[in-house]
Amino acid sequence: MNTLTITNPATGERISEVPADDAASVAAKARRARAAQPAWAARPIAERKACIERFREGVVRDLEALATTMTRETGKPIKMSRNELNGLLGRLDFFVGMVEPVTASETVFDEGGMQERIEHVPLGVIGNISAWNYPWFVGCNVIVPALLTGNAVLYKPSEYATLTGLEIERLLREAGVPAEIFATLVGGGEVGAALLEQKIDGLFFTGSYATGARIAKAVGSRFMKLQLELGGKDPTYVCDDADPRAAAESLADGAMYNTGQSCCSVERIYVHEKIHDAFVAAFVETVKGFKAGDPMNEDTYIGAITRAPQLDVLDAQVADAKAKGAVLHTGGHRLPGPGNGYAATVFSQVNHDMELMKEESFGPVIGIQKVSGDQEAVKLMNDTRYGLTAGVYTPDGARAHRILSHVNAGSLYWNCCDRVSPRLPWSGFGDSGIGLTLSTYGIEAFTRPRAWHLRKP
Ligand code: NAD
């Protein structure tokens, strides 16, 4: 039997060895899901909602143990693991509350004996290949609306968040979701690739651009619904009328929270020349206050880099920035072992010739660039192949609106950053992906609208 070794990235210790899937077991789970899905879709929606409500109760009941599991396998600081689980509850409430209004059949025309209706039917069996950085959020953004709308789900958690994936499965099972309707596929990329070989009706992916592009190619000729939530290089501009200290404190958190491993982490900062020096000083001071260490400690803010190979990416970006003349204010190196530690790193005097300002860092590393005004800031913010989020700090709402309406990004922030809401659609421009999750659109995404033309006799 295949097995998957789970390692704690903060200590390098082996946590456990779990049985893994192979091509044959993936195919068997897909067949069982296909056979079981119509009965699940036929159940009253109240029953599916009740399952998710019981799942929510399980999350609340087991929260501390679930947070510990997530911290041990991903290196996320324990307080942030709790925050993710507590934040999940609002998302579950949103999905449960909105699924009926969003998917109710509508009569859109009724005249002269002719009626036209729209019905929302489930896609069928969907595949979900997921990431490790917010495994509860990104997993449940797909799994929960998919199940509520009557789909079966084949869920491939990241190999770096498998224990969390198995906990999601356990709690859904306890809550009454049948084993055939929600099945976890354990393993790495090869198990994800085996899922793509199955007869599925939709593939929902969260992860890197490189894997997303590979998946799009693999399923391209099969015309299934495909959603790709990928990376970003999210910019923020601090205007000359902003309070440099307040903006610096907010943006330092936006750049370094979850050890910089958020899809919507602030990855580039542009600051108006008039307040640049004050901003940099306040930013560096704030970052120096972030405590790195054991993610299980209550006061740890900088935890572990979950995937060891990312340390090489960070080293390369740091070396490239230094070689091209950037000024290093703090960090710029790995932390002494054991585990994958990286010091919170701040550069100023950066520019777009540097990798640091072009490619996703996905770690606690940030560049701050001086700009002469709004026009230059907009030009630089749009100088990217990505487009997940972008922000502006200024007390002037009209100015923020003017600037942000010219920036190519799926989510726009005024005086805030690194924020996701269940009520708003989550999507990206350019290489940040296609499709969306969250909001009412992110429920509808798991259904197919069917048109009924009804002539009364
Ligand atoms: P990744 O692309 O390395 O892996 C994602 C998933 O794809 C994993 O489950 C992996 O096993 C699977 N996979 C790998 N190769 C595959 C293949 N050939 N076929 C099928 N599946 C395969 O990404 P990651 O390191 O898990 O996640 C980090 C990335 O995710 C970052 O770029 C981050 O920005 C992005 N992300 C985006 C969002 C968003 O909402 N846009 C949210 C979270 C993370």
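Scan segment 55-80 for residues that are free of Cβ contacts under 8 Å to residues at least 60 places away in the same chain and among the small types (Gly, Ala, Ser) and report the count.
The number of residues fulfilling the criteria is 2.
Look at segment 235-265 and say how many of its residues are among the hydroxyl-bearing types (Ser, Thr, Tyr), in contact with a strand residue (DSSP E or B) (Cβ under 8 Å, 6 or more places away or on another chain) and open to solvent by 10 Å² or more (accessible area, probe 1.4 Å).
1
Can you work out which of the residues in segment 196-211 that are under 12 Å from residue 130 (Cβ atoms) and not polar (S, T, N, Q) is nearest to the ligand (Cβ to nearest atom)?
207
Any residue at all in segment 97-105 that's closer than 30 Å to residue 456 by Cα and either within 16 Å of the ligand (Cβ to nearest atom) or in contact with a His (Cβ under 6 Å, 6 or more places away or on another chain) (or both)?
yes
Read through the list (1) open to solvent by less than 70 Å² (accessible area, probe 1.4 Å); (2) within 16 Å of the ligand (Cβ to nearest atom); (3) out of contact with any Cys (no Cβ under 9 Å at 6 or more places or on another chain), then give the number of the only condition that residue 397 fails.
Here residue 397 clears every test but (2).
Any residue in segment 340-363 that's open to solvent by less than 20 Å² (accessible area, probe 1.4 Å): show its pairings with residues that are among the acidic types (Asp, Glu) at Cβ separation under 8 Å, as long as the two are six or more apart or on different chains.
354/320; 356/320; 361/267
Residue 188 passes all but one of (1) within 16 Å of the ligand (Cβ to nearest atom); (2) open to solvent by 30 Å² or more (accessible area, probe 1.4 Å); which number fails?
(2)
To keep it simple, each residue is scored yes or no on (1) assigned by TED's automatic domain parsing to the domain that holds residue 74; (2) within 9 Å of the ligand (Cβ to nearest atom); (3) in contact (Cβ under 8 Å) with a residue 12 or more places away in the chain.
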| residue | (1), (2), (3) |
| --- | --- |
| 215 | yes, yes, yes |
| 218 | yes, yes, yes |
| 222 | yes, no, no |
| 238 | no, no, yes |
| 242 | no, no, yes |
| 248 | no, no, yes |
| 257 | no, no, yes |
| 262 | no, yes, yes |
| 273 | no, no, yes |
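Pairs please, first residue from segment 145-171 and open to solvent by 10 Å² or more (accessible area, probe 1.4 Å), second anywhere and within 10 Å of the ligand (Cβ to nearest atom) and among the basic types (Lys, Arg), Cβ atoms under 9 Å, 6+ apart in sequence or on different chains.
Close Cβ pairs satisfying both conditions: 160/307.
What are the pairs with Cβ atoms under 6 angstrom where one residue, in segment 413-435, is within 24 Å of residue 80 (Cα to Cα) and in the same structural domain as residue 141 (by TED's automatic domain parsing) and the other, located anywhere, is in a loop (DSSP other than H, G, I, E, B) and away from the ligand (no atom under 15 Å from the Cβ)? Sequence gap at least six, or different chains.
As it stands, the answer is none, since no pair meets every condition given.
Cβ-Cβ below 9 Å, separation at least six or inter-chain, first residue in segment 30-51 and modelled with pLDDT under 95, second open to solvent by less than 80 Å² (accessible area, probe 1.4 Å) and assigned to a helix (DSSP H, G or I): which pairs?
From segment 30-51, no pairs qualify.
For segment 318-336, check the following and say yes or no: at least one residue is surrounded by fewer than 15 Cβ atoms within 10 Å (Cβ to Cβ) and in contact (Cβ under 8 Å) with a residue 60 or more places away in the chain.
No; the residues of segment 318-336 include none that is surrounded by fewer than 15 Cβ atoms within 10 Å (Cβ to Cβ) and in contact (Cβ under 8 Å) with a residue 60 or more places away in the chain.
Taking segment 287-335, which residues are out of contact with any Ser or Thr (no Cβ under 8 Å at 6 or more places or on another chain) and among the small types (Gly, Ala, Ser)?
289, 308, 316, 319, 321, 323, 325
Could we say that residue 141 is near the ligand (Cβ under 10 Å from one of its atoms), under 13 Å from the mean Cα position of the chain (by Cα), assigned to a loop (DSSP other than H, G, I, E, B) and under 19 Å from residue 192 (Cβ atoms) here?
When the stated conditions are applied, residue 141 does not pass them.
Among (1) assigned by TED's automatic domain parsing to the domain that holds residue 301; (2) within 13 Å of the ligand (Cβ to nearest atom); (3) aliphatic (A, V, I, L, M), there is one condition residue 368 misses while meeting the rest; what is its number?
Just one mismatch for residue 368, condition (2).
Select from segment 172-185 the residues that are away from the ligand (no atom under 16 Å from the Cβ) and surrounded by 22 or more Cβ atoms within 10 Å (Cβ to Cβ) and list them in ascending order.
Passing the criteria: 172, 177, 181, 182.
Residues to consider are 74, 68; find the one that is under 17 Å from the mean Cα position of the chain (by Cα), farther than 25 Å from residue 148 by Cα and outside the structural domain of residue 297 (by TED's automatic domain parsing).
After ruling out the rest, the residue left standing is 74.
If you take the residues of segment 277-307 that are within 16 Å of the ligand (Cβ to nearest atom) and more than 16 Å from residue 343 (Cβ to Cβ), which of them is surrounded by the fewest Cβ atoms within 10 Å (Cβ to Cβ)?
Filtering first and then ranking leaves 307.
The values are calculated or read from the model by the stated rules, or taken from the named source; none is laboratory data. These figures come from a predicted structure and were not determined experimentally. Using ideal geometry, Cβ is built from the backbone for each residue, glycine included, and neighbour counts are taken over all protein chains shown. Calculation scope for accessible area: heavy atoms of the full protein, side chains included, ligands and nucleic acids excluded. Shrake-Rupley method; radii C 1.70, N 1.55, O 1.52, S 1.80 Å.
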